[in-house]
1. Mind listing just one residue for me: the one in segment 158-172 that is buried (at least 16 other Cβ atoms within 10 Å of the Cβ) and hydrophobic (A, V, I, L, M, F, W, C) and, of those, farthest from the ligand (Cβ to nearest atom)?
2. Would you confirm, using the coordinates I've provided, whether Gly218 is within 16 Å of the ligand (Cβ to nearest atom) and assigned by TED's automatic domain parsing to the domain that holds Asn119?
3. Which count do you get for residues in segment 115-140 that are aliphatic (A, V, I, L, M) and surrounded by fewer than 18 Cβ atoms within 10 Å (Cβ to Cβ)?
4. Kindly indicate the residue of segment 221-242 that is small (Gly, Ala, Ser) and out of contact with any helix residue (DSSP H, G or I) (no Cβ under 7 Å at 6 or more places or on another chain) and also nearest to the ligand (Cβ to nearest atom) among those meeting that condition.
5. Return the residues of segment 191-242 that are surrounded by fewer than 16 Cβ atoms within 10 Å (Cβ to Cβ) and on the phi > 0 side of the Ramachandran plot; say none if nothing qualifies.
6. Contact list please: Cβ distance under 7 Å, first residue in segment 89-113 and within 20 Å of Ile63 (Cα to Cα), second residue assigned to a helix (DSSP H, G or I), pairs at least six apart or on different chains.
7. Val211: in contact with a Pro (Cβ under 6 Å, 6 or more places away or on another chain) and of a type in the set (A, V, I, L, M), yes or no?
8. Among the listed residues Gly150, Gly172, identify the single one that is within 30 Å of Pro226 (Cβ to Cβ) and of a type outside the set (Phe, Trp, Tyr).
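The values are calculated or read from the model by the stated rules, or taken from the named source; none is laboratory data. Since the structure is predicted, the reported quantities are computational estimates derived from the model, not experimental observations. Positions of Cβ are backbone-derived with ideal geometry, glycine not excepted, and every protein chain shown enters the neighbour counts.
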Amino acid sequence: MNATTNVDRTPLGRIRRHSGSPLTLLATINLALVLGAMAVVLLQEPSAQAQQLGPTAQRTARIVKLTFDDGPVRGNTSRILNVLANRGVKATFFVVGKQARRHPRLVTREYKEGHSVQNHTYTHPDLTTLSNAGIRRELRATNRAIKAAGVPRPYRFRPPYGATNTRVKRVGASLGLTQTLWSVDPRDWADPSPSVICRRVVSNVSPGSIVLLHDGSGANTDEALPCIIKRLKAKGYRFGKL
Ligand code: ZN
């Protein structure tokens, strides 16, 4: 079979052969316009669909992200990991580099049990008071401590106390770290009772919420956690990580 036969057997080949007739020429132009319009529709459809589904999916997904800051520490971090493992919940740990150096095995465990391990600076300073070089030192030293525990390089950082400005955010971004704050803060570090922590979280969560909790401080956080997970699950929430 030769190439010419092939071309003649295709619809396009037939169009080409009969293109001398004005009527067929018109039909060809019409077909081209229709095909062109279809291509435009097909090209536009995914993004138009994503735009329509995006907010709807977020509204209906009911996903909440639990985050734990300031660890790892002996005792508390393990207890929190046990609660999460028993209930099949994944979370995000914003670790302090100095603590990660002290307890590398806990950092490894966080990662191995399916959690996200991210950067919460090395010495927990107010980053807005540091020079750019100082901010970089804090973030880089923490990245190194996390990597030394066998965990992939972080891609997010959380400024201590949520203290930030455009400079802090930009320096973080220059190291490939996206600044990540939170939307629900039960102030667990001030040691309210487990039931108070639970109520503050559950009553303030909405789909997509990022909840600020602490494994490195907060004496009652581990005890509040089963209540938080149980009540959010009862409200139809699933748990995601950052
Ligand atoms: Zn902190």
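1. Only one residue fits best here, namely Val171.
2. Taking the combined requirement at face value, the residue satisfies it.
3. Adding up the residues that qualify gives 2.
4. Gly240
5. Hits for segment 191-242 are Asp191, Gly208, Gly236.
6. Taking only residues 6 or more apart or on different chains, the pairs are Val89/Ile229; Ala91/Leu84; Phe93/Glu110; Glu113/Leu81; Glu113/Ala85.
7. no
8. Matching residue, one of Gly150, Gly172: Gly150.
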